[in-house]
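Laboratory data are not the source of any read-out in this text; all were calculated from the coordinates shown. Just so you know, these numbers come straight off a predicted model, no measurement behind them. Cβ sites come from the backbone with ideal geometry, for glycine too, and all protein chains shown count toward neighbours.
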Amino acid sequence: MLSSKIKIFLVLSFFIYSGLFSQSDYINFEKFLVENGLSENFVRCIFQDSKGFLWIGTDDGLNKFDGYSFKIFRYEPGNPNSLSDYAINAIVEDKNGILWIATREGLNRFDPQTETFKIFRHNPDDKNSLCNNFIFSLYADSRNNLWIGTRSGLNLLDLMYRHVQHLWERLHWRSGLGSKIFPKALQFQCP
C-alpha cells in the first residue's frame with residue numbers, strides 16, 4: 001500500500017503536470033469597424049468560406065476579409081454585375097465552392113474569377129423563378145440544392161439544372177423558417 005504522503009504527492013503532481021500542457025482559457029477578440037475598413041458597423045451575417053476568407057454582410061454591402069484587409073462589394077445602380085441590393089441578409093457556399101448571397105432584391109451568385117455577380121430575381125412570367133425577391137435565409141445541402149427562404153415562401157433551387165421548386169408559400173414573414181416544417185411533397189405555384 002502506498003502511504004498517504006505518496007498518494008498526495010501523485011495527485012498534486014498530476015494536477016500541476018496537466019496544468020502545464022492545457023490550453024489557455026484566454027480568447028482574444030479583435031473588433032473591426034468602419035475605421036478599420038468594414039463597409040458598415042451594422043453586421044447582418046458572417047460566413048467563412050472553404051478557402052478561409054470571412055465574408056461579412058452589412059447594410060452597406062458585402063465585405064471579404066483575408067485576415068489583413070477588407071475588399072468591399074456594393075450595389076451599383078445600373079451595373080448588372082454588381083450586387084442586387086445594399087443590405088446582405090445571408091451568405092452560403094455550395095459544394096462547388098460558389099458563394100450565394102441573399103438580399104432584399106434577389107439572390108446573387110458570386111463568380112470568384114471575375115468578382116462579379118449574377119442576379120436571380122422573381123419574374124411573374126416565369127414559374128421557374130423565385131417566389132419573392134426578399135430573401136431572409138439560405139442553406140446549401142449535400143445534394144447540390146440551395147434552400148431559399150423568402151418573404152413569400154420556401155424555394156428549392158437545384159444547382160445542377162437551375163430548376164426552382166416552390167415548396168411552401170405565403171408564410172407569415174415574422175414567424176421565421178426555423179420553426180416551420182416544409183414537406184418536400186407540397187409544391188405550390190407562386191402567386
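Measuring r between the beta carbons of ASN41 and GLU76 and using R0 = 30 Å, the FRET efficiency lands at 0.90.
Couplings 3J(HN,Hα) for the range 130-135, derived from phi with the Karplus relation 6.51 cos²θ - 1.76 cosθ + 1.60 (θ = phi - 60°), are 5, 5, 7, 7, 7, 10 Hz, where x marks Gly and Pro. Charge tally around LEU99: other residues with Cβ under 14 Å, Lys/Arg +1 each, Asp/Glu -1 each, net +1. Cα extents for the range 96-144 along the principal axes, largest to smallest and rounded to whole angstrom: 31, 26, 19. Neighbours of TRP55 by Cβ distance under 12 Å: Lys/Arg scored +1, Asp/Glu scored -1, total +1. Its Cα centre serving as origin, the range 33-108 has a Cβ charge dipole (Lys and Arg +1, Asp and Glu -1) of approximately 180 debye. Relative protection proxy for 119-131, 98-110, from highest mean packing down: 98-110, 119-131 (other beta-carbon atoms within 10 angstrom).
Rounded to the nearest 0.05, the FRET efficiency derived from the C-beta distance between LEU54 and LYS127 at R0 = 35 Å is 0.40. Descending by average beta-carbon neighbour count within 10 Å, the peptides 82-88, 51-57 line up as 82-88, 51-57, the highest first.
Taking the Cβ of SER82 as the centre, find all other residues whose Cβ is under 9 Å away and add up their charges (Lys, Arg: +1; Asp, Glu: -1). Net of charged neighbours comes to 0. Only Lys, Arg, Asp and Glu carry charge here, each on its Cβ (+1 for the first two, -1 for the last two); on that basis the range 32-169 has a dipole of about 240 debye about its Cα centre.
For the range 83-128, the Cβ-based charge dipole about the Cα centre amounts to some 100 debye (Lys, Arg positive; Asp, Glu negative; other atoms uncharged).
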